[in-house]
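Okay, here's the structure, questions in a sec.
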Amino acid sequence: MGRKPTRRQFLQSSAVVTTGLAAGCSGGGESSTDDGGETPTDGSSTEATQTTTGGNLSKTDFNILLTYQPEMVYSPVLAADRLGYFEEVGLNVNIEYSFGLNPMQVLTSDEFDVIVDNHISTVTGKARGVPVETVLTTIGNTPQTFASLSEKNITSVGDIPGNTLGLQNAPDVQAYTDEIFGNQLSESQRGNIEEAFIGYAVNNLLADNVDVMTLYPTNADFASLEVTGAEFNTINMMDFIDVSGNAALTSTSTLENNRPALVEYTRAHAKGLNDVLDPNNKDEIAEMIVEVLNSYDLSDVHIEGADPMEVQRLCFEKFLEFRPIDSWDTYGAGYNNPEYVGNAQQLLANIGNISEPAMVDQDELVNNELINEVYDDNGELIW
């Protein structure tokens, strides 16, 4: 994508949202409290006892980078911001997004305190000696999915041979498809798949450039097509492989130097995650994302003719398929599953993306000390 911008250039060219711009979610009868907070969407009392360190933190300003546009994928951190959870724990956050910056370079430069990215960055970062630490997982399973127009009659992995498969330009795609095809198809079947790296445009399906492609069905571009009448078949990769999706990451130096603030960051982000796991909050969260996209001047992610609220409701519903994992019932939503991240590491090693000697023990890949501190022994968030 060319030379990466300096921070000043980035701030001038990228959309930025702060707690001031994101004052609140206006849907669902939400009202402001006397202290400037807002009514939680999880039904809890607005007068709950504050158990956090709040204003006693040595660091209160947090810069957060999203590695994709602020859609439903980031609803936990956006909810934590707009519903005042960060403010309640004593943090002032600045949330930015960019497609072009290298997440690991940004993280180690200390320009951003937290980056919300794919767990693939956890794996590749560790393999390359980057001092990256996991904060919390925001999507428990990979949303990577094979999608095709219904008329193609591709309803199983066994139907893909004989067709053109479009691959998004993401490091996890080849690792995941190789594993799935290796387990589900014969050598001759695998040789009968024409693969092409095509980027991220889902219109490749409508234009018949490919017969089937890998994508996130949870994103607004794909959901917009469905809302406006396009019919698709989807095959979720999580039905064949156990690997994690997205996570909030930080640097070792930030963890060591600002641990109390990171604990409170984790607490607020986890509260937002719990909100978006509650089906009763669908309308409120959908409206919030529509407002966020409008504030970033990104309303065109909803294609012409698609009702933005209908699109975001559908995205919310789809994320409920991918976000939760069984271990969250025990350890709390956001727990970093070592096995899932370890599986991703092995699959990347299988295709040579990382070397075998650079592999890290799966228990060293993730750090759950922050999650463990904000949840009690019953997996309930301490708030």
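The values are calculated or read from the model by the stated rules, or taken from the named source; none is laboratory data. Bear in mind that the values here come from a model prediction, so they are computed numbers and not experimental data. Cβ: placed from backbone, ideal geometry, glycine included. Neighbour counts: every protein chain shown. Heavy atoms of the whole protein, side chains included, go into the accessibility calculation; ligands, DNA and RNA do not. Shrake-Rupley method; radii C 1.70, N 1.55, O 1.52, S 1.80 Å.
Using each residue's phi in region 211-216, evaluate 6.51 cos²θ - 1.76 cosθ + 1.60 at θ = phi - 60° and report the 3J(HN,Hα) Karplus result to the nearest Hz, with x for Gly and Pro.
Going residue by residue, I get 8, 8, 9, 8, 6, 9 Hz, with x marking Gly and Pro.
Another question, if that's okay. If I fit a long axis through the Cα atoms of helix 338-350 and take the longest principal axis of the Cα atoms of the chain, what angle between them do I get, 0 to 90°, rounded to 10?
So the inclination is approximately 40 degrees.
Working out 0.36 nm times the residue gap between residue 58 and residue 321, then minus their Cα-Cα distance, what length gain in nm do you get to one decimal? Present the calculation step by step, with values, prior to reporting the outcome.
On the way: separation 263, 0.36 × 263 = 94.68 nm, distance 3.85 nm.
Going from the current span to full extension adds 90.8 nm.
Between region 142-221 and region 238-288, how far is it from one alpha carbon centroid to the other, in angstrom?
29
Measuring from label point to label point, each 7 Å out along Cα→Cβ, what is the residue 196 to residue 128 span in nm?
Roughly 2.9 nm, to one decimal.
On to the next question. Given the chain, what percent of its DSSP beta bridges are antiparallel, to the nearest 5?
Values: 22 of 37 bridges.
Counting DSSP beta bridges with both partners in the chain, the antiparallel share is about 60 percent.
Also: Once you've got the GNM for the chain with C-alpha springs shorter than 10 Å, pick whichever of 230, 220, 175 has the biggest mean-square fluctuation.
230
Taking the alpha carbon gyration tensor of region 305-383, what are the square roots of 5 times its eigenvalues, largest first, to the nearest whole Å?
29, 23, 9
Still on this structure, please answer the following. Percent of accessible area on the chain owned by carbon and sulfur, 1.4 Å probe?
On the chain, the fraction of accessible area on carbon and sulfur atoms equals 41 percent.
Taking K and R as +1 and D and E as -1, what net charge do the other residues with C-beta under 14 Å from the C-beta of residue 370 add up to?
In short, -3.
Which of the three applies to region 153-208, rounded, prolate or oblate, going by the alpha-carbon gyration tensor with a ≥ b ≥ c and a/c under 1.5 meaning rounded? Each step should come with its number before you reach the end.
Details: a/c = 2.09, a/b = 1.32, b/c = 1.59.
Oblate, since a/c reaches 1.5 and b/c is not below a/b.
Let me ask something additional. Nearest 10 degrees is fine. How inclined is helix 282-295 to the longest principal axis of the chain, computing both from alpha carbons?
Relative to the chain, helix 282-295 is tipped by roughly 90 degrees.
Right, another one. Report the gain in length on full extension from residue 184 to residue 331: 0.36 nm times residue separation, minus Cα-Cα distance, nm rounded to one decimal.
Numbers: separation 147, 0.36 × 147 = 52.92 nm, distance 3.29 nm.
Length gained between residue 184 and residue 331: 49.6 nm.
How high is the relative contact order of the chain, in percent, with contacts defined as C-alpha pairs under 8 Å that are six or more residues apart?
About 25 percent, as a whole number.
Gap in Å between the Cα centre of region 322-383 and the Cα centre of region 62-123?
Rounded to whole Å, the Cα centres lie 18 Å apart.
Between beta-carbons, use under 14 Å as the cut-off and find the net charge around residue 74, counting Lys and Arg +1, Asp and Glu -1.
Combined, the nearby Lys, Arg, Asp and Glu give -4.
Right, another one. Can you tell me the FRET efficiency between residue 206 and residue 242 if r is taken as the Cβ-Cβ distance and R0 is 56 Å, rounded to the nearest 0.05?
Efficiency, rounded to the nearest 0.05: 0.95.
With only alpha-carbon atoms counted, please give the Rg and Dmax of the chain, in Å.
20.5, 67
Hey, another quick one. In degrees from 0 to 90, rounded to the nearest 10, what is the angle of the helix 259-276 Cα long axis to the longest principal axis of the chain?
Roughly 60 degrees, rounded to the nearest 10.
Report the residue, chosen from 217, 171, 70, that carries the largest GNM mean-square fluctuation when the chain is represented by alpha-carbon nodes joined by springs under 10 Å.
171
Another one. Give me the extension gain from residue 102 to residue 356: residue separation times 0.36 nm, minus the current Cα-Cα distance, reported in nm with one decimal.
89.1 nm
Which GluC sites (Glu not before Pro) in region 186-243 sit in a loop by DSSP (not H, G, I, E or B) and have at most 12 other Cβ atoms within 10 Å of their own Cβ? Let's see the in-between values first.
Numbers: sites: 187, 194, 195, 226, 231; in loops: 231.
Those satisfying the criteria are 231.
Counting each DSSP H run of 4 or more residues in the chain as -39500 (n - 2.57), what helix-only mean residue ellipticity at 222 nm follows after dividing by all residues, to the nearest 500 deg cm²/dmol? Intermediate results must be reported in sequence, preceding the final value.
Details: 17 runs with 146 residues, N = 383.
Mean residue ellipticity, 222 nm, calculated: -10500 deg cm²/dmol.
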